[in-house]
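To start, the structure under review is shown below, and the notes come after it.
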Amino acid sequence: MLRPPGAKSSESSLQAITRAEEPDCSSGAFSRTGPRHGKTLARLRDRFFMRERAGKPQYIAGTLLLVFLAQCAWLVSRSLRVGEMDLREWYRIDAGLRRWHATPKTSELPDPHSTFAPGPPPRIRDNDGFDPDHSALWYLISAAPLLIWPGTFQSESLWDWGWLARAPFLLFGVMLGASVWYVARRLYGNEGGYIALTLYCFSPGIIRAASVWFAEPETGAAWGAFGAIFTSIAVAHTLYAPREVVLWNWRRIALLAVSLALAIGSQFSLIVVVPLGLAFMLYLAPTRRGAAIVIWAVSCTIALVILFAAYFFHPSEFSRGMTHATWLGLTWQAFSMPGAYRELLVQLGQGSPALALALPVALIVYAAWPRARYFGNTAPLLVSGIFLVLGLATPHYQGLGFQLVALPFLFVFVAGICADMLESKNRTLVAASVFGLLMAYCLWSLSELIRVG
């Protein structure tokens, strides 16, 4: 579904995001006057999931996501075949298992299946034993699949249980890719969705994070941040409907709460998505700001409960974890260091080499062409810009997390500019250029994977 050439307002962009989520009031399931008895399983399914039938766009997107998953699986298999694991990953799994097997009296009960106990990294050891960057939720997610493993965690059996350790982040990577495609397609049509998803599926930075290949597993944080921002935008659009605000929006409130909990729980410094989401809601619903604040407050409360549950509702553990957290850790001197800017560009290029060419062109088009300056393009550009600035100001661990989280928003922005240019009179030239760039990008990524083998 391509948007009409003149549709550039923020309201039309929001409508594109949420159109598939709006209920069909003419059906019996939602109509006030329609039948309310004999609900079928299909009708119940439509109340919770998209009503859109799977077609060619969905099959193409699914194929790209399978290719993405195959690339991640290749890296996982190469790392597990060596029979060794990074000490940080050993510690993350061990700490997660200890939390899962903790009793109400102590959170340090050793896991009966575990025979390893690596020491904490210096950043944790120097912080009274508390992780300044991640909550307990991050460790619980990392170790959750391993609860079904009946044996001991030895390096000799790493090939068997190592896949379980990587499974959550592979899942987050696939779900983030599906979210990028969904948002880009709703904003810019099928062509925009394909461009954004291709940039995502062959991104070395995303593939490394999803497969935990010499990288911290931050796909959960990225998915949470992406979901929090665009769910806030979708909620703002629905506030204009004549419905009970909180009751009718309960699904979006739950989705926003889970997104916030996953983002902040996976990386404390992503607390910045909370005011960002509120700002978008207040800006896009100026006449319903009271309702926006109510939904935002309810979502934040539920997210806080989820984080509290990750500490098994132990107030003291939760309080100490939060007080030892590094929420931003900004280093203002980084803005006066030329090396910090070079490092940011290098990390961005390593995360997605296609952006080295596509992003400057997209920025030039955005600045020079008024038609490209509408909310659907401005929102992902603004959010990614904020994350990159924060990544520059946090040259330690959080900086790398911000740069990874910025990538999906940059993919959506570039896809939007490309979709706009494809609707211009130079469509043939633009299509050839975009196709050539994406093909070269895909071939380069696959060739790098072969070199790993």
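What follows is calculated from the coordinates using simple rules that are stated; it is not laboratory data. Since this is a predicted model, take the numbers as computed values, not measurements. Heads up, the Cβs are rebuilt from the backbone with ideal geometry, glycines too, and the neighbour counts pull from every protein chain shown.
Below are the figures for this structure:
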quantity	calculated
Lys, Arg +1 and Asp, Glu -1 on Cβ, resulting dipole of segment 118-219 about Cα centre, debye, nearest 20	360 debye
Total formal charge among the other residues, if their Cβ is under 12 angstrom from that of residue 401, Lys/Arg +1 and Asp/Glu -1	-3
Neighbour-limited loop hits for trypsin sites (Lys or Arg not before Pro), segment 207-312 (at most 14 other Cβ within 10 Å; DSSP other than H, G, I, E, B)	243
Segment 151-244: relative contact order in percent, alpha carbon pairs under 8 Å with at least 6 residues between	28 percent
Gain upon complete extension [residue 346, residue 287; 0.36 nm per residue less C-alpha separation]	16.9 nm
Trypsin sites (Lys or Arg not before Pro) within segment 50-94: DSSP coil, no more than 10 neighbouring Cβ in 10 Å	53
Segment residue 328-residue 167, length gained on full extension (0.36 nm per residue, minus Cα span)	55.1 nm
Pairwise label distance in nanometres, residue 336 with residue 447, each label 7 Å out on the Cα-Cβ vector	4.4 nm
Length gained when the stretch residue 367-residue 87 is fully extended (0.36 nm per residue, less Cα-Cα span)	96.2 nm
Cα-centred dipole magnitude for segment 287-442, charges only on beta-carbon of K, R (+1) and D, E (-1), debye, nearest 20	380 debye
At R0 = 45 Å, FRET efficiency that the Cβ-Cβ distance of residue 125 and residue 431 yields, to 0.05	0.25
